[in-house]
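For reference, the structure discussed in these notes is given below.
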Amino acid sequence: DVKVTQSSRYLVKRTGEKVFLECVQDMDHENMFWYRQDPGLGLRLIYFSYDVKMKEKGDIPEGYSVSREKKERFSLILESASTNQTSMYLCATDILRDDYGYTFGSGTRLTVV
Amino acid sequence: AQSVTQLGSHVSVSEGALVLLRCNYSSSVPPYLFWYVQYPNQGLQLLLKYTTGATLVKGINGFEAEFKKSETSFHLTKPSAHMSDAAEYFCAVSDQSGATNKLIFGTGTLLAVQP
C-alpha cells in the first residue's frame, strides 16, 4: 500500500523559530505538494514540486520555503514562525499527469505560541 | 481559472437517510473532478473521481457522484447514511493550466449523522 509519512502529528513552536515539516513518500511519485488547512477556508496550496530540486509557488507561499533534495522527501520550512501560521499542514503526492488523485499524509497540526 | 463551490458547510442527516453534498465547479476546459473524505485527525482519502467517460461515478463506502455539465455540478450522494460516514468532505477540481496536476479544493462540508 502506498505511504505518505509526515514526521510529526502535533507540533508546538515559539514565535520566531525556524520550523521544518517533513514529508516522505515511498511511491516514487514525481509530484509532491504542501497544503495548509484552516476551518472555513478548505485546503490552500503553499508550494509544490514536480522533480528533485524543482519547486513552484502555490497560492499562499509567503512566509514559507521548501526543499526537495531527494525524490522521496519534500520539506516545508517556516523561516520565522508566526501565530498566523498555526494550522493543519497536509502533504500529498501524485504521479505525473495521467493518474489523477492525490495520496495524502496524515497531517501535522502546528501550533505557534 | 478553475474553482469549486461547496454549498453548505454543515449538513446533518439521520442514520439511514439520503446523503446529498453539493459541489459546483467553474472550469474553462473539460474538468477533472474529485471527492475526498477526511475523518477526524487524519489526512484526506480519495472517495471517487471523474476524468472522462461515464458521468455517474461510483466510489468507496457506497458513495457516488454524477457529473452534470449543463449544471456545472458534481454532487455526492449515498442512499443510506451510516454513523461511520460522519466526516468532512471536500470537492476538488484539477487545475490543468500547467504541466503539473494541481487540485483546487472547496471549503469542505462537515457531515453529521444523527442516530
**Request:** Compare A:32, A:54, A:88 in a GNM of chain A, Cα atoms joined below 10 Å, and give the one with the largest fluctuation.
**Result:** A:54
**Asked** How many partner chain Cβ atoms sit within 10 Å of a residue's Cβ in peptide B:90-96, on average, as a whole number?
**Response** 2
**Prompt:** Of all accessible surface on chain B at a 1.4 Å probe, what whole percent is carbon and sulfur?
**Reply:** 53 percent
**Request:** Calculate the spin-label point distance for residue B:112 paired with residue A:71, positioning each point 7 Å from the Cα along the beta-carbon direction, and give it in nanometres.
**Result:** 4.7 nm
**Message:** Suppose each label sits 7 Å from its Cα in the direction of the beta carbon; what would the residue B:77-residue A:15 distance come out to in nanometres?
**Reply:** 5.1 nm
**Fill in**
Counting only Cβ distances under 4.7 Å between cysteines, those in the protein assembly as shown with no partner are none
**Prompt:** Which shape class, rounded, prolate or oblate, goes with segment B:64-108 when its Cα gyration tensor gives a ≥ b ≥ c as root eigenvalues, a/c under 1.5 marks rounded, and past that a/b bigger than b/c marks prolate?
**Reply:** oblate
**Complete:** Per residue, accessible area of the protein assembly as shown with a 1.4 Å probe, heavy atoms of protein chains only, in Å², comes to 47 Å²
**Request:** With a 1.4 Å probe on protein heavy atoms only, work out how much accessible surface B and A bury together, total over both chains, in Å² to the nearest 100.
**Result:** 1900 Å²
**Item:** Label-to-label distance, nm, for residues given as residue A:111 and residue A:84 (7 Å Cα→Cβ offset)
**Value:** 2.2 nm
**Complete:** GluC sites (Glu not before Pro) in segment A:4-82 lying in a DSSP loop, each with at most 15 other Cβ atoms within 10 Å of its Cβ, come to A:17, A:62, A:79
**Message:** With the cut-off at 1.5 for a/c, could you classify segment B:34-115 from its C-alpha gyration tensor as rounded, prolate or oblate?
**Reply:** oblate
**Request:** Could you work out, residue by residue across B:41-48, how many beta carbons of other chains sit within 10 Å of that residue's beta carbon, and then give the average as an integer?
**Result:** 5
**Complete:** With all protein chains present, chain A has a carbon and sulfur share of its accessible area (1.4 Å probe) in percent of 49 percent
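The values are calculated or read from the model by the stated rules, or taken from the named source; none is laboratory data. If you're wondering where the values come from, they're calculated on a predicted model, not measured in any experiment. Backbone-built Cβ (ideal geometry, glycine too); neighbour counts: all protein chains shown. All accessible areas refer to the heavy atoms of the entire protein, side chains included, with ligands and DNA or RNA removed. Shrake-Rupley method; radii C 1.70, N 1.55, O 1.52, S 1.80 Å.
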